[in-house]
Structures are given as C-alpha cells and as structure tokens.
1. Taking the condition open to solvent by 10 Å² or more (accessible area, probe 1.4 Å), part of a loop (DSSP other than H, G, I, E, B), under 23 Å from VAL313 (Cα atoms) and among the aliphatic types (A, V, I, L, M), does VAL210 pass?
2. Being closer than 25 Å to PHE119 by Cα, open to solvent by 30 Å² or more (accessible area, probe 1.4 Å), of a type in the set (A, V, I, L, M, F, W, C) and at pLDDT below 95 narrows it down to one of ILE273, ILE291, so name that one.
3. Of the numbered conditions (1) modelled with pLDDT of 95 or more; (2) more than 26 Å from VAL181 (Cβ to Cβ); (3) not in a helix (DSSP H, G or I), LYS67 satisfies every one except a single condition; which is it?
4. Output the residues belonging to the stretch 105-144 that are in a loop (DSSP other than H, G, I, E, B) and hydrophobic (A, V, I, L, M, F, W, C).
5. Among the listed residues LEU129, LEU153, identify the single one that is at pLDDT 95 or above and either β-branched (Val, Ile, Thr) or surrounded by fewer than 18 Cβ atoms within 10 Å (Cβ to Cβ) (or both).
6. Going by the structure shown, is THR147 in a strand (DSSP E or B) and at pLDDT 95 or above?
7. Which fully enclosed strands (runs of 3 or more DSSP E) of the stretch 264-347 have 1 or more residues being of a type in the set (Phe, Trp, Tyr)?
8. For the stretch 177-189, check the following and say yes or no: at least one residue is open to solvent by 10 Å² or more (accessible area, probe 1.4 Å), hydroxyl-bearing (Ser, Thr, Tyr) and in contact with a strand residue (DSSP E or B) (Cβ under 6 Å, 6 or more places away or on another chain).
Amino acid sequence: MSDDEAKEEKELDLSSPDVVTKYKTAAEIVNKALQLVISECKPKSKIVDLCEKGDAFIREQTGNVYKNVKKKIERGVAFPTCISVNNTVCHVSPLASDDTVLEENDIVKIDMGCHIDGFIAVVAHTHVLQPGPVTGRAADVIAAANTAAEVALRLVRPGKKNKDVTEAIQKVAAAYDCKIVEGVLSHQHKQFVVDGNKVILSVTSPETRVDDAEFEENEVYAVDIVTSTGDGKPKMLDERETTIYKRAVDKNYHLKMKSSRFIFSEISQKFPIMPFTARTLEEKRARLGLIECVNHDLLQPYPVLHEKPGDLVAHIKFTVLLMPNGSDKITSHPLQELQPNKTVDDDPEIKAWLALGTKTKKKGGGKKKKGKKGDNKEDSEPMDTSTNDSPRLFARVVSLAADLLPGPLANVLKRLDVLSLDDVGKGASVSGLSGELLVEASVEDFRG
C-alpha cells in the first residue's frame, strides 16, 4: 500500500471526526425509522406497506442531509426494511403484490439499515403485538437475544477475539433454554462494505468456519443476534420468497436473456453496492431476469429462512463503534416490558460479563468530574439503550413533564425513574427508563 493509500485508509476510519459524524447521522435516521415502523405495527397492517414506510422514511431523511457539499455524497437505504414474523427468521421484504398482514400476538422482527457516504448503521428489533408485558416463552426468547446482545457489546472491544463472543452468546441463550440461530454472522463494517472480512460466528459448526480475529480500536461492527425456542437450524422453504439481493461486484458474465440484461443494468445503476429489494424493480420482468443473474453469481441472494412452525424467534442487531474511549452502541430501541420464565441471575459468569463497562477508563490521576455518579452503572446495565455523543444531542423526556415543555415536545413518554443532565447547556438523557416507547427530541426544541 502506498503512503497516499495508507493515508486515505486512515482517514476513512473512526480516527476521522467526519466519519464518526456520518455514522452517527445514519444511526439517528435509522433509529427514527425503526421507531416509526414499530408505531405502525398493528394487527391487520400489511407487511409490505410497513416495509415501504421504513425505506421511504430513510430515503427522505437522508435526502435532507449533506445536500450543500462540493462533492456529491451517496446516501440512503443500506439494507431494505424487513419484517419477519414468529418462526420466520429474517429477510422478509415482500413484493408489492403480497397481501400478508400482521395478526395480534405476532412476534415481529424489524431489520433495516441506513448509510451516509457509505458509512452504514443497521438495527434490528423484536416487538410483540400485544398490550401489557410480554410473558412466557416469547419473553424468554426476546430476553435471551437482548441479554446476549448486551454481553456481546461488552466483549466486542479491542484486545478481545471473535470466538470469545461466539462462546458467550451461546451460554446466554442456553440460560433462557433457547438456542442461538446458526448461520447468522456479525460483520465488520467499512465504507460501502456491509460484510467486512472480520466476522463473529453465531454458532461454531463443521459447516461454518471463520478466521480468528481480534477487535481493534476504530473498527465498526454490526452485532447480529438471533435466538430461537427451536433447534436454531433454520431452513429455506421456497426460493421464490427471496426478494433481497446484493450485487457481486467481483463477478462478470454475459447474460443471455434480454430481460436479464435489462434488470442487471437497472441494478448496476441504482444499487451498485448496497443490498436492495426486488420490489423496487419492475416486477414481471424482474422475476425471470433475477433468476439468471443469481444462477451466474452476479447477485448474492438473502434467502428467507424459517424455524419449525410453533417455534419463536427473536432478533436484536446493533451497530457499535470501537472508539478510543470505549464502545459506542449507536443503534437500538427499548424493549417492551418482559417477564421471562428464565433468568441469568444465578450464573456468575454471565453476571460478570454484564458488569463490564463499555467505556474505557482514562489512565492517570485526573480529577473526577462531578455529576457522573451513575456512569459506571449505566455502562453495565443490560437494558442500556443510550447513544451518547450523537451528532445532534438529544433529550429524552417524559409525558409527566409535558406541561412544562414547549408544544413540539408535548408527545413524549410516560414514566421516568431518573433524569440526569449530562450537560446542562447541551441536553438531557434518561437512565433507568421504564416506559415502553422512547420519543427523542432535539435540544434545539428546548431553546427559545
């Protein structure tokens, strides 16, 4: 690598403040898109309509940022919105003609991604269509995914290895009498790269192997956790369910069919790098053209996978930045109240993992800042959903205080345990949140 290339590579990691800002801007947008889709998930809602709303929101919001820059910046959907229900594991983003709807008590898994200049933020969340707390095996499988994700957050840190995470998340799932789903990979992210070379394997098996890797400062990872009450070995039932693809940029082939050449040309122009849904293509022509493209490895399919009927599947995914001051989880959404049958309270190893902080302690004897008493506790709590140091500082507020706030902030959460002002001049954050829905308001709304 030449000196110029090395310099360019260095500038494109988290050592560049501009890169960090782009990651966090993408994260802010995808977090809001997720919140929008969750709010629209109701019985009898069409899945395809929900997917469209998620993608449309990301396109609209990304179109409003970095508009007045000298060099054009690519931005938009990094992974199409997917809504997979109950025993279906992933990658459901239906065609426009699909009439499938959600039903009461469905376990809904929402997966989506956004990018700014190729810097990608992804998120996945599990939500149950029911009022009140989630109980029984549904609560077990969601708690297993969430706790495994929190353990992974604390182990994806400089000096640790990918195999440490693989072993830990399997132990967590077993504590809830659940399984980590095989074949799910957590990838390192780089600019315009959703599937980097460093990989965390969900389950070790003879069929699936990855190279040992050590996490390093200034890296970015999408940590992807899928749990099941079944055997954790999902299968593709029907190739025709597949609607998400990604251009294989290292492959070439002279397509024979006219429809294939037309579709591949459209894909190359619209989606040269990021995954896309066939819903964005002309449906009738796309069906035949996509088959030839996949058969000759020009496109990488993302198949729809299923566990057995009656099994329950949960999905939690977040993006984490390995910053010099510690791990920064930039995408997430708070869970509904869970009342699982199982807990990890009696497992000292899991409790020790969860007690690890996510921030790096500074060396030396500098004075301790006041007002940070709860920081260590917040770092180690499994339900921590904070996204500190975002490009726009946000305040989380509650409906109990709505009458004290300006009109734009009237739509806010119920219930609050602790409201801590991290920086009086910049904004506020809530810790120990007990409400089910988090509404974020920009600090600008507090002024004036």
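The values are calculated or read from the model by the stated rules, or taken from the named source; none is laboratory data. What you are looking at is a predicted structure, and each value in this text was computed from that prediction instead of being measured. Positions of Cβ are generated from backbone atoms using ideal geometry, with glycine treated the same way; all protein chains shown enter the neighbour counts. Keep in mind that these areas ignore ligands, DNA and RNA; they rest on the heavy atoms of the full protein, side chains included. Shrake-Rupley method; radii C 1.70, N 1.55, O 1.52, S 1.80 Å.
1. On the way: open to solvent by 10 Å² or more (accessible area, probe 1.4 Å): yes; part of a loop (DSSP other than H, G, I, E, B): yes; under 23 Å from VAL313 (Cα atoms): no; among the aliphatic types (A, V, I, L, M): yes.
So VAL210 fails the test.
2. Numbers: ILE291 fails: closer than 25 Å to PHE119 by Cα.
Among ILE273, ILE291, only ILE273 is closer than 25 Å to PHE119 by Cα, open to solvent by 30 Å² or more (accessible area, probe 1.4 Å), of a type in the set (A, V, I, L, M, F, W, C) and at pLDDT below 95.
3. (1)
4. In the first step, residues of the stretch 105-144 are kept if they are in a loop (DSSP other than H, G, I, E, B); the result is 105-106, 117-118, 129-133.
Answer for the stretch 105-144, where residues must be in a loop (DSSP other than H, G, I, E, B) and hydrophobic (A, V, I, L, M, F, W, C): just LEU129.
5. After applying the criteria, what remains is LEU129.
6. Details: in a strand (DSSP E or B): no; at pLDDT 95 or above: yes.
The answer is no for THR147.
7. Working: elements: 299-302, 313-323, 326-329.
Hits in the stretch 264-347: 299-302, 313-323.
8. no
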